[in-house]
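Visitor: My questions all concern the structure below.
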Amino acid sequence: MKIALDAMGGDFAPVNPVEGAVAALHEYPDVELILVGQEDKIKAELQRLDVGSLSDRLHIHHASEVVEMKDNAVQAVRRKKDSSINRAVDLVKTKEAEAVVTAGHTGALVTAATLKLRRLPGIGRAGIATVMPTEKNLFLLVDAGANI
């Protein structure tokens, strides 16, 4: 599976997303990741980490802009065309990736996905899902957050 990861999303980006990407590749051998964001900053983080043989499953897709948490979701998607969130969703739209992951602006991701990928037939609005632990297993909670 090829996943587009918004490397500029989250409070400590790109440090945390890039570290998480490398850890995920160590744990999941069938996953390829496309780190989407400011290429120079992503490369600097990768040099700091032991990427080694993972480099064949790790790609960078440059995006010059970042959606900030203070940004209005719809305005950010419309005005920051070269943002990491927009470019990550574009990769799914063009079938260069199968999924998008971000720790960034949830509203902007839902907006971009809704506008660019549309909803499935019969689905009225997007749902947000998160995996939750139990004592013995995991379960998927749908509609775990706000949506547009």
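Visitor: Which is under 27 Å from ASP143 (Cβ atoms) and in contact with a Ser or Thr (Cβ under 8 Å, 6 or more places away or on another chain), of ALA113, ALA76, ALA24, ALA63?
Guide: It is ALA76.
Visitor: How many residues does segment 76-86 contain that are under 19 Å from ILE60 (Cα atoms) and surrounded by 24 or more Cβ atoms within 10 Å (Cβ to Cβ)?
Guide: Count: 4.
Visitor: Something else about it: Restricting to segment 21-49, name every residue that is surrounded by fewer than 24 Cβ atoms within 10 Å (Cβ to Cβ) and touching a strand residue (DSSP E or B) at 6+ places or on another chain (Cβ under 8 Å).
Guide: The answer is VAL22, ALA24, LEU25, VAL31, GLU32, ILE34, GLN38, GLU39, LYS43, LEU46.
Visitor: Show the residue pairs meeting these rules: Cβ distance below 7 Å; 6+ apart or different chains; first residue within segment 23-37 and touching a residue at least 60 places away in the same chain (Cβ under 8 Å); second residue part of a helix (DSSP H, G or I).
Guide: That search, which allows pairs on different chains as well, returns ILE34/LEU91.
Visitor: Against the condition buried (at least 19 other Cβ atoms within 10 Å of the Cβ) and in contact (Cβ under 8 Å) with a residue 12 or more places away in the chain, how does GLY10 come out, does it pass?
Guide: Criteria not met by GLY10.
Visitor: Of the numbered conditions (1) touching a residue at least 60 places away in the same chain (Cβ under 8 Å); (2) within 14 Å of the chain's Cα centre (by Cα), ALA73 satisfies every one except a single condition; which is it?
Guide: (2)
Visitor: Right, another one. Could you run through segment 109-134 and say how many residues are over 14 Å from ALA4 (Cβ atoms) and of a type in the set (A, V, I, L, M)?
Guide: 9
Visitor: State which residue is modelled with the lowest pLDDT when the search covers only segment 97-119 and only residues that are loosely packed, with under 14 Cβ neighbours inside 10 Å and in a loop (DSSP other than H, G, I, E, B).
Guide: ARG119
The values are calculated or read from the model by the stated rules, or taken from the named source; none is laboratory data. In this text, all values refer to a predicted model and were calculated from it rather than measured experimentally. No Cβ is skipped: glycine too gets one built from the backbone with ideal geometry, and neighbour counts run over all protein chains shown.
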